[in-house]
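The values are calculated or read from the model by the stated rules, or taken from the named source; none is laboratory data. A quick note: this is a predicted structure, and the numbers were derived from the prediction, not measured. With ideal geometry, Cβ positions are generated from the backbone for all residues, glycine too; neighbour counts draw on all protein chains shown. To get the accessible areas, we keep the full protein, side chains included, count just its heavy atoms, and leave off ligands, DNA and RNA. Shrake-Rupley method; radii C 1.70, N 1.55, O 1.52, S 1.80 Å.
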Amino acid sequence: MDRRRVVITGLGAITPVGLTAPESWQAVKDGVCGVAPITQFDTEGMKVSLAAEVKGFVPEDHLGKPEAKRMGRFTQFAVVCAREAMADSGLVTEDEDLDRCGVIISSGIGGLSITEAEHDRGLARGWDRVSPFYIPTAISNMAAGQVAIDTGFRGMCTCPVTACAGGTNAVGDAFHYVRDGYADVMLCGGTEAAVTPLAIGGFTSMKALSQATDPARASIPFDAERTGFVLGEGAGVLVLEELEHALKRGAHIYAEIVGYGVTCDAYHMTAPRPDGSGGAKAMAMAIADAGIAAEEVDYINAHGTSTHLNDAGETAAVKTVFGDHARKLAMSSTKSMTGHMLGAAGAVEAIFTAMTLKDGYLPATIHYSVPDPECDLDVVPNVGRSADVRYALSNSLGFGGHNGSVLLKKWEA
């Protein structure tokens with residue numbers, strides 16, 4: 001079967017370091033840290049007091065009041081990002097066959113804050129007094145559904161719920177869907193807004209979160225003193241388009257997507273296989289999907305969560321796939337700046353990877369201080385740098401053993 005080429009023509013992002021894709025990318029280039037004390041609820045008496053919250057987002061600046069009121073925060077993020085990505089792409093919906101345009105937007109948890117609030121309301125007033133909007137605003141797929149409604153896209157609309165791998169699955173699945181001829185345009189990405197007492201408490205009790213009180217020593221991927229991840233929130237949405245479709249309308253192209261790999265560890269509810277073999281297979285699969293040699297990959301945007309098991313396992317996986325070349329490529333974690341945005345992480349990191357290719361700039365792993373012998377690759381410590389990057393991978397590894405990797409190529413007309 002002929003494989004069609006797929007390019008990225010639009011970007012939208014809301015992150016802990018910026019309210020648009022350009023603002024977020026510039027902050028990443030500048031090494032801005034989005035980790036700070038939690039403001040969305042009182043953390044008195046809790047072990048964790050830091051998160052990477054989105055700052056300064058006012059829904060009514062982007063959505064009408066009735067519209068905003070009937071969307072959870074995670075859905076608001078997704079709709080606003082999708083609008084940014086569509087505007088950036090220059091796509092005119094009236095000119096498109098909307099049956100050939102689809103949406104894949106992940107969310108790992110959906111409207112958890114809504115569930116918490118409505119549970120309290122039910123306890124206080126009776127369960128039949130729960131809001132009629134509870135279910136349609138809280139379910140994880142509603143961000144994808146609302147984006148489809150907003151754009152009028154009538155093709156496939158779905159929501160991968162694969163924990164921390166969901167954003168990458170959304171991008172990779174959309175890539176294959178366009179490449180294999182089922183659609184011409186896909187809006188894809190991920191969104192999350194889970195900085196809530198229940199989420200922080202749940203992740204804390206399973207010892208997944210950093211309990212650091214200094215933002216500069218909380219999200220520290222690959223550092224020997226790492227103690228857990230920092231919960232983040234936000235969204236990233238990309239417009240993927242079949243190449244000829246994009247060229248015909250004179251679209252601006254950020255990068256090309258050329259490979260996708262997805263596997264499962266089938267090992268443990270939360271822990272990755274210690275040898276990183278599941279992640280290694282996903283990376284190898286993405287490289288094989290693109291038909292290139294592993295030695296052609298210049299950079300990896302790592303999953304890099306700042307947990308001991310993830311960072312060590314991912315490093316081992318990279319060594320398995322790349323052999324001696326692992327010492328020559330760069331692998332950094334932008335989660336050092338954004339925290340871990342769960343179902344949105346892979347999408348935002350795909351955006352950063354596309355911009356790495358476009359600008360020829362490697363983002364740093366900031367606040368790196370104490371080297372770890374288990375994580376001994378070039379993690380671009382503390383300061384980003386210019387580099388000629390032609391191929392770059394973006395990795396995501398999720399609870400449940402989900403592994404996803406997308407391979408991007410610098411756009412060469």
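For region 316-406, applying the loop criterion from DSSP together with a ceiling of 12 other beta carbons within 10 Å to the trypsin sites (Lys or Arg not before Pro) yields Lys328. Carbon-plus-sulfur accessible fraction, region 278-413 (probe radius 1.4 Å, protein heavy atoms only): 54%. Accessible surface calculations at 1.4 Å, restricted to protein heavy atoms, place region 231-277 at 39 Å² per residue. Once the 1.4 Å probe is applied to the protein heavy atoms, region 295-343 comes out at 26 Å² accessible per residue. At q = 0.32, 0.33 Å⁻¹, what log₁₀ I(q)/I(0) does region 204-248 have when each alpha carbon counts as one equal point scatterer in the Debye sum? For region 204-248, the Cα-only Debye profile gives -1.12, -1.15. Region 127-146 to region 312-346: how many Å between their Cα centroids? Region 127-146 and region 312-346 have Cα centres spaced 35 Å from each other. Within region 312-392, all pairs of alpha-carbon atoms sorted by distance into 5 Å bins from zero give the percentages 3, 14, 22, 26, 24, 10, 1. For region 384-413 and region 33-89, what is the separation of their C-alpha centers, rounded to whole Å? If you average the Cα positions of each part, the centres end up 26 Å apart. With the cut-off at 1.5 for a/c, could you classify region 275-337 from its C-alpha gyration tensor as rounded, prolate or oblate? Verdict is prolate for region 275-337. Overall, the accessible surface of region 93-140 at a probe of 1.4 angstrom is composed of carbon and sulfur to the extent of 52 percent.
Extension gain, Ser369-Thr227: 0.36 nm per intervening residue step, less the Cα-Cα distance, totals 49.8 nm. Pairs exceeding a 18 Å alpha-carbon distance, out of Lys281/Lys358; Lys248/Lys410; Lys335/Lys409; Lys358/Lys409; Lys335/Lys358: Lys281/Lys358; Lys248/Lys410; Lys335/Lys409; Lys335/Lys358. Calculated over the chain, the projected area of the Cα convex hull averaged across directions stands at 19.1 nm². Summarising the strand pairing of the chain, around 70 percent of its internal DSSP beta bridges are antiparallel. Eigenvalues of the alpha-carbon gyration tensor of region 1-131, scaled by 5 and square-rooted, set the equivalent ellipsoid semi-axes at 32, 23, 14 angstrom, largest first. A P(r) calculated from all alpha carbon pairs of region 321-362, with 5 Å bins opening at zero, reads 6, 19, 23, 21, 20, 10, 1 percent.
Here the gap between Ile149 and His252, fully extended at 0.36 nm per residue and compared with their Cα-Cα distance, gives a gain of 34.6 nm. Under 15 Å from a point 7 Å along the Cα-to-Cβ line of Ala288: which residues of region 309-343 have their amide N that close? Within reach of a label on Ala288: 321-322.
Surface exposure of region 16-170, expressed per residue as accessible area with a 1.4 Å probe, stands at 46 Å².
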